Each structure stands twice: as C-alpha cells, then as structure tokens.
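Working notes for the structure below.
The values are calculated or read from the model by the stated rules, or taken from the named source; none is laboratory data. Worth saying up front: this structure is predicted, and the values here are computed from it rather than measured. When we count neighbours, we look across all protein chains shown, and the Cβ atoms used for this are built from the backbone with ideal geometry, even at glycine. Accessible surface areas use protein heavy atoms only, side chains included; no ligands, DNA or RNA. Shrake-Rupley method; radii C 1.70, N 1.55, O 1.52, S 1.80 Å.
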Amino acid sequence: MEAEKEKEKEMREWCVALPKVELHAHLNGSVRDSTLLELAKQLGDKGDIVFEDVKDVIMKNGRSLPECFRLFELYHILTTDHDTVTRITKEVVEDFAMENVVYLEIRTTPKNNEAKGMTKRSYMNAVIKGLKTVEAVEVVLFDSNSRADKTPMSELGGDTRKKKIYVRLLLSIDRRETTLAALDTVNLAMEMKDQGVIGIDLSGNPVVGEWETYLPALEHAKELGIPITIHCGEVANRNEIRAVLDFCPQRLGHVCCLNDEEWKKLKSLMIPVEICLTSNVMTGGAPSLELHHFADLYNAKHPLSLCTDDSGLFSTSLSNEYYLVASTFGLSKAELFQLAQDAVEFVFAGDELKRSLRELFERVGKELTT
Ligand SMILES: CNc1ncnc2c1ncn2[C@@H]1O[C@H](COP(=O)(O)O)[C@@H](O)[C@H]1O
Ligand SMILES: [Zn+2]
C-alpha cells in the first residue's frame, strides 16, 4: 500500500516536472476557487448576491453540462470588470507556469458590458494588462521578430531561476452571439494580432445557437488567415458535427459524440484534437476515463494534445491530466513525454517559436525519460 502511494507520488511529481503545452484553457474556467470565493464575498458584502448560496455552488463537485453553463453565468457576474479581468488573467498564467506549462494558449470571450463601461476591446486590453503584470514568472507575449525576446530558452520550465512561459491568446465566439457580434470578434482578433492574439475559437453551450449564425465569421477568419479551433461534438448534433468537419478548422476540441462515419472522416482529415479528459467525464461527453475516446485516437496515432478546458471549474491541472493518462491507459514516461512534445506541432504560434519549443523538448527529453 505504502509502495503504491510512493509510486503515485513520484509519478505525479514527474508529470508536474514535465514541460507541457496547453492549447485549450478558457480564462474564466481556469480561475482559482479561492479567488472566486473572495470575489463572491465582496459582492455579498455589497448586497449584490447572497454569499452563502454562491459559496455552495462554487465548492460543489458535480459539474453536468447544463450546470457548467449556469456556473459560467455566475463566474461572469463575479469577474467581468476590468480590474478583475486583469487579476484573473495574471493568476491563471502564474498557475499554469508554476506547473511547468511552457507554452499556453488562453482563450476568452471578449465581452461588451455597458454597465461596466466595457467593450470587447477594453475587455481584451484588461486581459493583456494582466499578462503584463505577472511578476512571479516571465511572460513572453510576442514573437522575437515583432518584439525583443532575448531570454535564453534554457530558462523555460527550469526550477532554479524565474520560470518563463510563452502565452498567446485566442478569442472565443460564444454560441449565443449574433453573426455581427461574431464578426466583431474576428475583426478584433485581426486588430490585435501584434498583441499576442493568434486565433479564434468557437465555444459556448452546445445546445444553444446555429452553425449558420457563426459560419460567416469563421469564414471571414479563414479568409484573413487566422487559425481556428472549434468545440465539436460535445453533444450529438449530427448536422453540426458534419458541418464542422467539412469546414476543416486547424484544430478541434473534445470530439466526444461522433458516429462511425464521423470518426472515419476526422481520422482521414488528421485534424489535431484537444483532449479534455476530466471535462468530458464530468460533463458526460465520455462515459468514463477508461472508455474515453483518447485510447482509440491515441492507438490510431491521431494528432492529439492533452488539455484542461476549465482547470478551476473541474478542479484539475494539466499535470493531473497527464497523470490520468498514465494511470488509466498505462502510458510510460517516454510515451507521456512524446505526447507532450507532439503538442508543439499543433500550436497556433509561428515557426520560430515552434523551433524554440522543439529545442527545449529535445534538451530536457533525455533527462526526464532515463
Ligand atoms: C465545459 N465545456 C465547454 N464547452 C463549451 N464552451 C465552454 C466550455 N467551457 C468553457 N466554455 C466557454 O468559455 C466561457 C468561459 O470562459 P471566458 O468567459 O470565455 O473566459 C464559457 O462562458 C463558455 O462560453
Ligand atoms: Zn472548451
């Protein structure tokens, strides 16, 4: 028993030490519980909400898909003012960097909120301010050809000096949005491409909205050459899954509820998949960890990367997702390392950054796998 525990501890520590690439993390889903509770307390004291009710909701463990979207409503009440957006961005980046995520794509939905004097643009400025106020780790937000990036890669993921993390932003289109609002988000992404914004995501409650509503915005993004990732098949919406596969974005999130024909098509298209184990099991997209479609895609050598989705909401971390793959599917350290390394090929950032990340993995590989 003791030996088992020791083994688990050692493996968990190894998964933390492993340099990791996170490609699917929603900003508001990644906020620490302690911060949410603090924000709820403040609003409770002001009489805007009833703290005790909110506290129970935040700390509750069950997270069905409809519950998730009710929770996001609450999170947005707690977090949507400029200073709080700045604060949560800073904390989320620090949390990922602390567990040796070396490259992070954070996605977030730019929000208009008249009561708070917030526009999509000012929301994003608050996010970028958050990235710039991180002190605990060094955040690299620009490519070296657009801004100076002289820090040697040897500091990435290292333990002795200040950790360094590359961060890029994806702008999410919420499925509740109109075509015009979705187009605004794509245009904003284009305007902010020199400020770390490198892609577009389609997300939101999968039982809400119509594919035809977002399609013009997604096509616009495609025309502008902006990489796109789409939440696909969280529920069994056959028409939409077919349309998404036909659209052929650069990456897909989840892909839970595909039928045989759709699996075949996905595999033939070789679209990289952002795998979110804990999220899928909690929301019912996968029946269990053991029966998660990770195994089938992994065995088929389909391009994959492990991701958290909403580390705060689902009480997980990227290191934990790697640990779950090891403990559930029996992957060795060398195989886990390869999985982490392969994710470099699916980042939306440019070739120069990819080369740096490849070098980093090459360098630490021997040490971690022998
Ligand atoms: C659980 N699976 C999921 N499926 C679909 N969309 C999700 C999601 N998890 C998060 N989001 C999307 O991300 C938003 C929160 O972060 P931001 O406010 O953008 O930072 C949610 O409102 C939802 O639109
Ligand atoms: Zn997601």
Item to check | Cross-chain or 6+ apart pairs with Cβ under 9 Å, the stretch 259-275 first and more than 18 Å from Thr229 (Cβ to Cβ) and more than 16 Å from ligand 2 (Cβ to nearest atom), then open to solvent by less than 10 Å² (accessible area, probe 1.4 Å) and at pLDDT below 95 | outcome: none
Next on the checklist: Criterion first (open to solvent by 20 Å² or more (accessible area, probe 1.4 Å) and within 16 Å of ligand 1 (Cβ to nearest atom)) does Arg87 satisfy it?
Outcome noted: yes
Checklist entry - Of all helices (runs of 4 or more DSSP H) completely enclosed by the stretch 210-277, which ones contain at least 3 residues that are under 21 Å from Thr108 (Cβ atoms) and open to solvent by less than 60 Å² (accessible area, probe 1.4 Å)? => result 211-224
Item to check | Contacts under 7 angstrom Cβ, first residue in the stretch 310-330 being in contact (Cβ under 8 Å) with a residue 24 or more places away in the chain, partner among the acidic types (Asp, Glu) and open to solvent by less than 10 Å² (accessible area, probe 1.4 Å), 6 or more apart | outcome: Leu318/Glu22
Checklist entry - Only one of (1) in contact with a strand residue (DSSP E or B) (Cβ under 8 Å, 6 or more places away or on another chain); (2) in a loop (DSSP other than H, G, I, E, B) is not met by Phe314, so which one is it? => result (1)
Next on the checklist: Can you say whether Asp48 is outside any loop (DSSP other than H, G, I, E, B) and open to solvent by 80 Å² or more (accessible area, probe 1.4 Å), as far as the supplied structure shows?
Outcome noted: no
Next on the checklist: Name the residue that is farthest from ligand 2 (Cβ to nearest atom), counting only residues in the stretch 198-223 that are closer than 26 Å to Tyr75 by Cα and either acidic (Asp, Glu) or free of Cβ contacts under 8 Å to residues at least 12 places away in the same chain (or both).
Outcome noted: Glu210
Checklist entry - Which of the residues that make up the stretch 105-129 are away from ligand 1 (no atom under 12 Å from the Cβ) and surrounded by fewer than 24 Cβ atoms within 10 Å (Cβ to Cβ)? => result Asn112, Glu114, Ala115, Lys116, Gly117, Met118, Thr119, Arg121, Ser122, Asn125, Ile128, Lys129
Checklist entry - Do we have Leu289 as open to solvent by 30 Å² or more (accessible area, probe 1.4 Å) and either within 30 Å of Pro216 (Cβ to Cβ) or in contact with a helix residue (DSSP H, G or I) (Cβ under 9 Å, 6 or more places away or on another chain) (or both) here? => result yes
Checklist entry - Just one of Lys333, Lys354, Lys366 is closer than 28 Å to Ser279 by Cα and over 21 Å from the mean Cα position of the chain (by Cα); which is it? => result Lys333
Checklist entry - For the subset of the stretch 53-82 comprising residues that are open to solvent by 40 Å² or more (accessible area, probe 1.4 Å) and among the β-branched types (Val, Ile, Thr), which member is farthest from Val127 (Cα to Cα)? => result Val57
Next on the checklist: Return the pair list, or none, for Cβ contacts closer than 6 Å from residues in the stretch 279-302 that are in contact (Cβ under 8 Å) with a residue 24 or more places away in the chain and closer than 25 Å to Gly204 by Cα to residues that are assigned to a helix (DSSP H, G or I) and hydroxyl-bearing (Ser, Thr, Tyr), at least 6 apart or on different chains.
Outcome noted: Leu289/Thr328
Checklist entry - Which pairs do you get when a residue that is more than 14 Å from Asn112 (Cα to Cα), found in the stretch 168-184, comes within reach of a residue that is open to solvent by 20 Å² or more (accessible area, probe 1.4 Å) and of a type in the set (A, V, I, L, M), reach meaning Cβ atoms under 6 angstrom, with the pair 6+ apart or on two chains? => result Arg168/Ile198; Arg175/Val208
